[in-house]
Amino acid sequence: MKINSSGLIFLCLSTFLFSCSKDLTKECDIDPSYSAEITPFFNTYCVSCHQSNAAGGGVILDNFESISTQIDYCISEFRQGSMPPSGSLSPDILAKDSILELLNCWVSMGKKNN
């Protein structure tokens, strides 16, 4: 059987690209603490605009109830890069992946107020 070089290159690149994709469905190896890990994230990157007395876009993110209700929306906005907005304090790209894992695991583990 004869394989042309462009077909072989395509096969190798396809295998590489698909094997490196992030698995968003993996089980969590961590059980994040709301007070120790989730609150500091929101206080650092969100609360300056999304607090009870000045809720940007009507979204309040300064307490457990609001965060636990809005978390799916927050994760989506953070993943897309629309929040925090341009010009605001934002984590670097390496930290962003860790934060997304942290937030997703907090949800997966039951959004505990601990």
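Observations on the structure shown:
- Being of a type outside the set (Ser, Thr, Tyr), under 13 Å from the mean Cα position of the chain (by Cα), at pLDDT below 95 and open to solvent by 80 Å² or more (accessible area, probe 1.4 Å) is a property that holds for Lys22.
- The range 81-99, residues that are over 16 Å from Ala36 (Cα atoms), part of a helix (DSSP H, G or I) and of a type in the set (A, V, I, L, M): Ile93, Leu94, Ala95
- Those residues of the range 25-56 which are at pLDDT below 90, within 15 Å of the chain's Cα centre (by Cα) and surrounded by 10 or more Cβ atoms within 10 Å (Cβ to Cβ), in sequence order: Lys26
- Residue pairs meeting the criteria (Cβ under 8 Å; at least 6 apart or on separate chains; first under 21 Å from Asp29 (Cβ atoms) and without any contact (Cβ under 8 Å) to a residue 24 or more places away in the chain, in the range 77-99; second of a type in the set (A, V, I, L, M) and not in a loop (DSSP other than H, G, I, E, B)): Arg79/Leu100
Residue-wise test of (1) open to solvent by 60 Å² or more (accessible area, probe 1.4 Å); (2) of a type in the set (Phe, Trp, Tyr).
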{"position": "Thr69", "(1), (2)": "yes, no"}
{"position": "Asp72", "(1), (2)": "yes, no"}
{"position": "Ile75", "(1), (2)": "no, no"}
{"position": "Phe78", "(1), (2)": "no, yes"}
{"position": "Pro84", "(1), (2)": "no, no"}
{"position": "Ile93", "(1), (2)": "yes, no"}
{"position": "Asp97", "(1), (2)": "yes, no"}
{"position": "Asn104", "(1), (2)": "no, no"}
{"position": "Ser108", "(1), (2)": "yes, no"}
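The values are calculated or read from the model by the stated rules, or taken from the named source; none is laboratory data. Every value quoted in this text rests on a predicted model; they were computed, and no experiment measured them. Ideal geometry is used to build each Cβ from the backbone, glycine not excepted, and the neighbour counts take in all protein chains shown. These accessible areas exclude ligands, DNA and RNA; they are computed on the full protein's heavy atoms, side chains included. Shrake-Rupley method; radii C 1.70, N 1.55, O 1.52, S 1.80 Å.
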